[in-house]
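The structure under discussion appears below in the form of structure tokens.
The values are calculated or read from the model by the stated rules, or taken from the named source; none is laboratory data. Computed from a prediction, not measured in an experiment: that's the story for all the values here. We place every Cβ from the backbone using ideal geometry, glycine too, and count neighbours over all the protein chains shown. Heavy atoms of the whole protein, side chains included, go into the accessibility calculation; ligands, DNA and RNA do not. Shrake-Rupley method; radii C 1.70, N 1.55, O 1.52, S 1.80 Å.
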Amino acid sequence: MAIRGPRPLVAGNWKMNGTTASLKEARLIAGMLKDVRLRCDVMICPPATLLRRLKGVLAGTPIKLGGQNCHWDASGAFTGEISAEMLKDAGCSAVIVGHSERRSGFGETDAVVRSKADAAHRAGIAAIICIGETLEQRKAGQAVDVVSRQLRESLPDGSASANTVIAYEPVWAIGTGLTPTPDEVGDIHSSIRGGLVAQLGEDGSQVRILYGGSVKPSNAPAFAAIPDVNGALVGGASLKAVDFIGIIKAYI
Ligand code: PGA
């Protein structure tokens, strides 16, 4: 009997983009997916200012809501921060942690990322943990080692397929239009799969591993066909309904 892989997830990360006018794109996405029998999960991670209103737009649709970052504590004197509990309260079922823009721009280490993933689990939402090598590391032949180390050190105790998603995002592919070859993606995803099974046992085979970095409607089918690619984390192309739908189509 064939063993079914995990249900794919296509998640859109709007980053620091979007005001009230952007809700129109979400309405279009919801409209286009109406009456479609989805064989993947779909999620939008807007800026925090839009969470509540997007929740309203997505009500009655299968599209889930996610946060882009969270603090590791549940509450307290951390001006400007948002906790995982607050994201859950706003209607999120997941939060992205350890995006490379946070690792490089805000000094987040694997230990910080682990504590944020732990916070997501504590709050009862899933952690989408991002890992990926820089161009220098890839050129030096260190991609597998770097990603394996980030996986080992960013995954908190208690991680399981029900509460954890891994997003492999080569830093040099994010927002650049550059992508690794399907073989390169396949090599990294299979090493991540091996690491997950080593850390989590059999359940590690059910953790979703997304590919992210310049995913577009034109290249999404090639990524979707790679073993152990269980969906996509999409930045720029998630801001336009037609592009995001074009990517989702690779998984339905
Ligand atoms: P991109 O971003 O699709 O614009 O390359 C991906 C990401 O940062 O998650």
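Points to keep in mind about this one:
- Residue of 161, 218, 238 that the Gaussian network model of the chain assigns the largest fluctuation, springs spanning Cα pairs under 10 Å: 218
- Choice from 133, 184, 25 showing the highest fluctuation, given a GNM over the chain with Cα pairs closer than 10 Å: 184
- Size of charge dipole - the chain - debye, nearest 20, with Cβ of Lys, Arg +1 and Asp, Glu -1, no other charges: 980 debye
- More than 33 Å apart - percent of Cα-Cα pairs taken over the range 9-251: 11 percent
- Normalised contact order of the chain, rounded percent, pairs of Cα under 8 Å and 6 or more residues apart: 21 percent
- For the chain, the per residue solvent-accessible surface stands at 45 Å², with DNA, RNA and ligands left out and a 1.4 Å probe.
- Chymotrypsin sites (Phe, Trp or Tyr not before Pro) within the range 55-151: DSSP coil, no more than 15 neighbouring Cβ in 10 Å: 78, 106
- What the phi angles of the range 232-238 give under the Karplus curve with 6.51, -1.76 and 1.60, with θ = phi - 60°, is a coupling list of 9, 10, 10, x, x, 6, 8 Hz, glycine and proline written as x.
- Dipole orientation for the chain: of the candidates 29, 124, 195, 29 has the Cα lying most toward the positive pole (charges on Cβ; Lys, Arg +1; Asp, Glu -1).
- Here the chain has 55 percent of its accessible surface on carbon and sulfur atoms, given a 1.4 Å probe and all protein chains in place.
- Hits among aspartates and glutamates - C-alpha to C-alpha of residue 249 under 20 Å, sequence gap 8 or more where chains match: 25, 35, 41, 228
- Under-5 Å amide H pairs with residue 94, H placed in peptide plane, nonlocal only: 67, 126
- Comparing 103, 122, 37 in a Gaussian network model of the chain, where Cα atoms under 10 Å apart are tied by springs, the biggest mean-square fluctuation is seen for 37.
- Among 68, 230, 58 the positive-end extreme of the charge dipole of the range 9-251 (Cβ point charges): 58
- Per-residue HN-Hα couplings for the range 136-144 [Karplus 6.51, -1.76, 1.60; θ = phi - 60°; Hz; x = Gly/Pro]: 4, 5, 5, 4, 7, x, 9, 4, 4
- Remark: the range 1-134 carries a charge dipole of roughly 620 debye about the Cα centre, counting +1 on each Lys and Arg Cβ and -1 on each Asp and Glu Cβ.
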